[in-house]
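Encoded as structure tokens, the structure appears first; notes follow it.
The values are calculated or read from the model by the stated rules, or taken from the named source; none is laboratory data. Since the model is a prediction, treat every value here as computed from it, not as a measurement. For neighbour counting, all protein chains shown are included, and Cβ atoms are generated from backbone atoms with ideal geometry for every residue, glycine included. The area values use the complete protein model at the heavy-atom level, side chains included, leaving out ligands, DNA and RNA. Shrake-Rupley method; radii C 1.70, N 1.55, O 1.52, S 1.80 Å.
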Amino acid sequence: MASFKPTRIPSYPKLGEKVTQDTLYWKNYKTPIQIKEFGAVTTIDFSPLSPYNCAVTASTRIHIYGPYSQEPVKTFTRFKDTAYSGTFRSDGQLLVAGSEDSVVRLFDVSGRVALRQFCGHSKAVHVTNFTSDRFRIFSGSDDYTCRLWDIPNSVELVTYSEHTDYVRCGTTSKLNPDLFVTGSYDHTIKVFDARTDKSVMTMDHSQPVESVLLFPSEGLLVSAGGRYVKVWDLLKGGQALVSLKNHHKTVTSLCLSSSGQRLLSGSLDRHVKVYNTTTYKVVHNFDYAASILSVALAPEDAVLVVGMTNGILSVKHRKSPEEKTEALSKRRRPAYRVFVKGRNYAPKQDDFLVSKPVKTHLKKYDKQLKGFQVSKALDTVLEPWIRMKTPEVTVAVMQELNRRGTLKNALAGRDEKGLSVLLSFLISNVVDPRFAPVLVNVAEMILDIYTQVVGQSPVVDKQIIKLQELIEREIDLQQELVEVLGMLDTLFATMTTKKEVAAPEGRANGVPATGAQGQSLQAS
Amino acid sequence: MVEHSEIRVVRCGGSKINFREPLITLDSKFLLCASGDSVKVYSTSTEECIHILQGHTDLVTGIVLNPANHLQVYSCSLDGTVRLWDYTDGILIKTLSIGYKITALFLSKKHEGVLFVIIPMASDTDAEAFQLVAVHLPSSAGQEVEARELSSVLTDVSAMPRATSFGRGGDYIASAKGLQLSVYFFRKQKTFRFFLKATDKKGAKNSFTCVCCHPKDDCIATGHEDGKIRLWRNFNQKKEYTYSTQHWHHDAVSALSFTPEGMNLLSGGIESVLVLWRYGAETKDLLPRLGAAIEHISVSPDGTLYCTSHSDNKITIINSNLKVSAVIQGLVKGEDVKTDLMIDPRTKALVLNGKPGHLQFYSLHHDKQLYNLDIVQQEYIHQSGLEQSDVVKAALHAHGVWLATIEERREKALDLETILKLWAYNEQTQSFELNTNISSPHDDRVTAMCFSPSADGTLLVTAGKDGHFKAWQLAEDWDSHREGLSWSCDFVGSYHHLRPTNCCFSADGSLLAVSFQEIITVWSPDSWELLLTLCQPPGDIRDLCFGRLSCSKYLLGTTSKNLLCCWNLLTCSLEWSTTVDVTVLQDDPLSENIAAFSHAQGNTDLFVFKPSEPRPLYSQKAVCSGKVHRAVFAPRESPLESCEAGSQWLNRSQLYFVTEHMDLMTFSTKSEDDMIIASSKQLVIDDSVAVTPFYLLLGKHRQQEKPSSLTNQMAARVQLPQGSTAIRELLHTPAHVLPSASLLCAMFVSSLLISNSAIREVSEPKEEEMESEAEEDQDSEEEMDSRDSRPVLTAQSSVGELAPTLSKAQERELRKMRKTDYSWLSGALHP
């Protein structure tokens, strides 16, 4: 005698992106905080010191935000024109910024007025940075030059005018105080050594360079320009390592995760992509509302800040691990001893053992199916929490009823409320390709059974009309799809004939279209 | 022509055991059931078959216990004889020939010396009309007796035994047919007939199906087509009879039975639920999910066991508290073997579809079902007219690691549900576990499925009516939530939108042949490149088969236009072809041989050939009547050493096939028959003990001893009782009077060995020839034996039955013994 076999709920493949370690990590951010700035956010820089304040350069101001406040803790407003590239020094005390008015200004973070003003550039300065010895500032300008300034004496040290177009990005080496890299709209990236008066290395990006980034080891250099992100090996004399083309608009900003294992790139196509720096594959993708100009990650990846062209700053904080455990511990489970109760009881020698049959727990609908209560079983699976959360259970029970030949009995004899529940379930699921074969059958049966009551209830009539519209739309869609398929078939057919000519070893018998498709996939 | 007289077709087990009601003996130890033209005796506790009572020449149609002697049983058969058997020893006692086809047999204690049998009205026709006749047993004592004294009791009765029943210890007999119930009272010699109205709302649905009479009360229970059970009372008069109706079954009641005291009524039907009605009360108990439709119910004479036989060739033994205690399962036979016959490489069992939605693994060597694998995994709804999903295709991987099954359910012309399931063998649980479930692998029916035979590659190819063939490959699960491997589609191929009919891998898995209607395409499974096409019109390709070993360059195919073709794959040309209507083409996995069953003039012929040789190795005309659709080569456990050219093809594997009537047949050589006869002679089993695996182990041991014991039976007979009484006395003496156990032990052990010591000495020379390597052991044994024989001799001397001659060793022992004091023993033996 076999026991009752419960209804088999088919498991459908999960649609959409697959869940990896990376997606879990990058999805573990809270909902973003949106802060409206006065203009496009061009630069975001995190202070290297705790509490990791963040300098946001937008329009003619630089705001400094604390880690959790939505209001700026400090604002620098002494710019006559648009400010660019507000950057902290490695001790977090000083801040440098360029400006449209070609002046480079140096601020004390606690002060208000500029400590130094470096004048010498003839056009807007889009890039400024401190060298790693903290005493010099490097700047790049639209006058094709880049200069090095001395902070204590407030004098210009060197001028390099090797670029032939705007210098819009650059970075300084953290290991060598004399090295810095610039990227220009003349498609080149140049590495300068302050001890010589010439560039020491030049790389051709073949697009206007928008951003450059050095890896922590400083053996690799990443540049972004056009739709490409390129990685260069500096130790091999600037050999191109990888070229990534994952955005469909200009990449504007680059950023490394704190571990150095992931590279983030923001683009005008409103995406931030996360790359694995060993395989250079995209592992995650963030979507934003507007084109992205700047991306920055706080140390420990605690905060992800993205600045956009519409002046909105989006701040995402990482979920703290405590919150996660809290959510889990909310559900109280029975104590451990409940499960082990009587488990390790050893019977005495002359005890007579009465074996107890293992009780199998059946779901409610299975119990009802076991007792042939078909209508009740259908009612059970049409409860809101089942039909909303797990429609596959509802559909599986419907299929089981159909197999038993009792689906019609179960569907019949429903009042207005019951019928409208059934119809709303159909409306939300009938076009789902996973459920369509079963639900189309159900819909037919319902129409068969309830034809005579049509017109008696406005609620039901409305739903039936809605269902009809839905199905008509679906039919149109399917027709279009078949047309597309036909077009593709012709394309494949033309490809196959070409192949036949190329391959002399005799496909005279004619390889079919699908076969050719499979082969080409195999080959690729 | 090839000499083949020594090969014959034999029926190979798996016969029906649910044809007629099983019978439980008075002590509830044995269960007897009709099985083909023999009666099988099973043990109710161990489910093992103990005896097969063979002697009838046609289907056995009934078994009844002899009311005069409960160790004897009557059986009747369509061959027109009633035979009396002693079922404990399996001996035929008497044969009573009646001369008509007997379809049922009834006996009653009240009517001693009379058999009631149902025979056709006219002996020469196979007409529908049957009659119940009384046969008076002739008093002659001979083994073969003819009984011609027939007297008709009831005419126009149903041929089925369940429609007739004795009532109240044999006072009357009730029989039902159609809408009529007839009751014959023996005392009054009068028949009453009761009719039901044919138009009981739903037409003629209330016709009788079975009848059962209450053993103590005047009450007849009848089962009906519409699922009702009627209890008839007061039927000894024409007018004032009454009946009450009970209704639970939704389909026809197929079996009814009262318990011996009449307390309960058991009923069963297609629902496969055993219903236990309390007689005289409204309550009932149910035992659901017995597996398949109940066909017969019987109750043991002491009422402790119920027994139901089911449509899936199964007998279930149920305790009186409605718990299943044992299941005797035969080979499940549907109307058709939908899956091919396969051999499981692991268990060497025959695999085919059994119960609906199951695959059965059937051991050919033990004629026993090993296990059932539930493929569909759905609750089976026992209801007639319901479309059920069933396994239609199955394939086993060469090492038995993977099993692929296709189940199908077709409700309407358009609605087709197909599921491809792949099962992995789990070493720990020793069974197949579901690995991958692919719903609708093809848009239409799957026509063929095969695994790649290469050892490492796990590749499955399915061909569907939708014009594609698909290759499925084992790959890392793309869904990272789950661990492990699963199957996914690797390649979809088609050829000019033709319909693939069959597919086949070459023996090494390097080539795949897929037949598309008239054309055979050969593909390379590595690159999925179309290598060549072969065509031999007219007619669609039916079967495909690659040659093996030395003939691996050949590809064989049969077409629907009666052509058997052999292509050479190296030259890509047709090697030879003949016009034969081949229904099955089966290759032997262990040799080059290929068997072809062909159908001609209502009979099936067999040809066994090598693709490279023009003449068949073996051919036999008229193997069986009707078409053969399934056949398989099963490797033998140990190869035969047959030297005749004609039967060499059977040396390493055996050919099984299934006839139109679902009989499993095989080919047997002469040497094999000799072996079977020899082994059956050896197997003399102690009938009082049920055959258990443990007993078989012991029994084998005993058989080894037997030949030696035969040589000196006399000595054994004289000595054994002596030794045993000594032991008994010893055991019955109170423990506190006996000496310490260490003293007694040696004596006790030696007394057990008595018979052997005497025997060994005589049979020794023979044994030495056979087992020279065991000589040393024997010597030591001999020493021990002679040492141990001491107490025996004392016992013998005390009784005074000393063996006339004594060997030197024995004399020495005797002398030694005189010195030891055994006075305590004589005291113990004769207190």
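Would you mind stating whether B:SER389 is at the interface with chain A (Cβ under 10 Å from one of its Cβ atoms), within 26 Å of the chain's Cα centre (by Cα) and under 30 Å from B:ARG542 (Cα atoms)?
Yes: the conditions hold for B:SER389.
Given the criteria at pLDDT 80 or above and open to solvent by less than 100 Å² (accessible area, probe 1.4 Å), does A:PRO334 qualify?
Here the answer is no, as A:PRO334 does not meet what is asked.
Is it true that some residue in segment A:22-45 is among the small types (Gly, Ala, Ser) and either away from every other protein chain (no Cβ under 14 Å) or in contact with a Lys or Arg (Cβ under 7 Å, 6 or more places away or on another chain) (or both)?
Yes, because at least one residue in segment A:22-45 is among the small types (Gly, Ala, Ser) and either away from every other protein chain (no Cβ under 14 Å) or in contact with a Lys or Arg (Cβ under 7 Å, 6 or more places away or on another chain) (or both).
Among the residues of segment B:306-338, how many are open to solvent by less than 20 Å² (accessible area, probe 1.4 Å) and part of a strand (DSSP E or B)?
Count: 12.
So, of the residues in segment B:16-44 that are open to solvent by less than 30 Å² (accessible area, probe 1.4 Å), of a type outside the set (A, V, I, L, M) and in a loop (DSSP other than H, G, I, E, B), which turns out to be modelled with the lowest pLDDT?
The extreme case among them is B:GLY36.
In segment A:188-213, how many are buried (at least 21 other Cβ atoms within 10 Å of the Cβ), farther than 18 Å from A:SER243 by Cβ and out of contact with any His (no Cβ under 8 Å at 6 or more places or on another chain)?
Total meeting the criteria: 1.
Among (1) within 13 Å of chain A (Cβ to nearest Cβ); (2) surrounded by fewer than 17 Cβ atoms within 10 Å (Cβ to Cβ); (3) assigned to a strand (DSSP E or B), where does B:SER577 come up short?
(1)
Filter segment A:299-310 for residues that are at pLDDT 90 or above and open to solvent by less than 10 Å² (accessible area, probe 1.4 Å) and give the result.
Across segment A:299-310, the qualifying residues are A:LEU304, A:VAL305, A:VAL306, A:GLY307, A:MET308.
Among the numbered conditions (1) within 14 Å of another protein chain (Cβ to nearest Cβ); (2) closer than 30 Å to A:VAL104 by Cα, tell me where A:THR60 comes up short.
Answer for A:THR60: the failing condition is (1).
So the check is Cβ under 6 Å with 6+ separation or different chains; which pairs have a first residue in segment B:243-266 that's over 20 Å from B:PHE166 (Cα atoms) and a second one that's among the charged types (D, E, K, R) and open to solvent by less than 40 Å² (accessible area, probe 1.4 Å)?
What qualifies is B:THR245/B:ARG230.
Looking only at strands (runs of 3 or more DSSP E) that fall completely inside segment A:1-79, which ones have 2 or more residues that are touching a residue at least 60 places away in the same chain (Cβ under 8 Å) and open to solvent by less than 80 Å² (accessible area, probe 1.4 Å)?
Answer list for segment A:1-79: A:33-36, A:41-46, A:54-58.
Condition check ((1) polar (S, T, N, Q); (2) in contact with a His (Cβ under 9 Å, 6 or more places away or on another chain); (3) surrounded by 22 or more Cβ atoms within 10 Å (Cβ to Cβ)) across all residues:
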| site | (1), (2), (3) |
| --- | --- |
| B:THR46 | yes, no, no |
| B:GLN54 | yes, no, no |
| B:ALA68 | no, no, no |
| B:LEU78 | no, yes, no |
| B:LYS94 | no, no, no |
| B:ALA104 | no, no, yes |
| B:LYS110 | no, no, no |
| B:VAL117 | no, no, yes |
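Identify, by number, the condition in (1) in contact with a helix residue (DSSP H, G or I) (Cβ under 9 Å, 6 or more places away or on another chain); (2) of a type in the set (A, V, I, L, M, F, W, C); (3) within 14 Å of chain A (Cβ to nearest Cβ) that B:ILE594 doesn't meet.
In the conditions (1) in contact with a helix residue (DSSP H, G or I) (Cβ under 9 Å, 6 or more places away or on another chain); (2) of a type in the set (A, V, I, L, M, F, W, C); (3) within 14 Å of chain A (Cβ to nearest Cβ), B:ILE594 misses (3) alone.
Is it true that some residue in segment B:456-474 is farther than 30 Å from B:SER550 by Cβ, hydroxyl-bearing (Ser, Thr, Tyr) and more than 10 Å from chain A (Cβ to nearest Cβ)?
yes
Give the number of residues within segment A:238-260 that are open to solvent by 20 Å² or more (accessible area, probe 1.4 Å), among the small types (Gly, Ala, Ser) and not in a strand (DSSP E or B).
2
Hey, which of the strands (runs of 3 or more DSSP E) in segment B:83-193, taking only ones fully inside, have at least 1 residues that are in contact with a Lys or Arg (Cβ under 6 Å, 6 or more places away or on another chain) and within 17 Å of B:ILE63 (Cβ to Cβ)?
In segment B:83-193, B:91-97 are the strands (runs of 3 or more DSSP E) which contain 1 or more residues that are in contact with a Lys or Arg (Cβ under 6 Å, 6 or more places away or on another chain) and within 17 Å of B:ILE63 (Cβ to Cβ).
Search segment B:604-625 for residues being out of contact with any helix residue (DSSP H, G or I) (no Cβ under 8 Å at 6 or more places or on another chain) and open to solvent by 50 Å² or more (accessible area, probe 1.4 Å), and hand back the single one that is modelled with the lowest pLDDT.
The residue in question is B:PRO614.
So A:LEU235 ticks every box in (1) open to solvent by 80 Å² or more (accessible area, probe 1.4 Å); (2) of a type in the set (A, V, I, L, M, F, W, C); (3) outside any helix (DSSP H, G or I) but one. Which box is left unticked?
Checking A:LEU235 against (1) open to solvent by 80 Å² or more (accessible area, probe 1.4 Å); (2) of a type in the set (A, V, I, L, M, F, W, C); (3) outside any helix (DSSP H, G or I), the one that fails is (3).
For segment A:378-396, indicate whether the set of residues that are surrounded by 15 or more Cβ atoms within 10 Å (Cβ to Cβ), hydrophobic (A, V, I, L, M, F, W, C), outside any helix (DSSP H, G or I) and more than 14 Å from chain B (Cβ to nearest Cβ) is non-empty.
Yes, the conditions are met somewhere in segment A:378-396.
Look at B:LEU498 and say whether it is touching a strand residue (DSSP E or B) at 6+ places or on another chain (Cβ under 9 Å), of a type in the set (A, V, I, L, M) and within 13 Å of B:LEU459 (Cβ to Cβ).
no
State whether one or more residues within segment A:202-225 are over 17 Å from A:LEU263 (Cβ atoms) and among the charged types (D, E, K, R).
Yes, segment A:202-225 contains a residue that is over 17 Å from A:LEU263 (Cβ atoms) and among the charged types (D, E, K, R).
For B:VAL628, state whether it is modelled with pLDDT of 80 or more, part of a strand (DSSP E or B) and among the β-branched types (Val, Ile, Thr).
So B:VAL628 fails the test.
Suppose we filter B:GLN369, B:GLN378 for residues that are away from every other protein chain (no Cβ under 13 Å) and under 26 Å from A:PRO357 (Cβ atoms); which single one remains?
Criteria check complete, one pass: B:GLN369.
Got a sec? Which of B:LEU544, B:LEU531 is under 25 Å from B:ALA455 (Cβ atoms) and within 14 Å of chain A (Cβ to nearest Cβ)?
None of the others qualify; the one that does is B:LEU531.
Among the residues of segment B:483-528, which ones are open to solvent by less than 40 Å² (accessible area, probe 1.4 Å), more than 10 Å from chain A (Cβ to nearest Cβ) and at positive phi?
If the condition is that a residue be open to solvent by less than 40 Å² (accessible area, probe 1.4 Å), more than 10 Å from chain A (Cβ to nearest Cβ) and at positive phi, then B:GLY484, B:GLY509 are the ones that fit.
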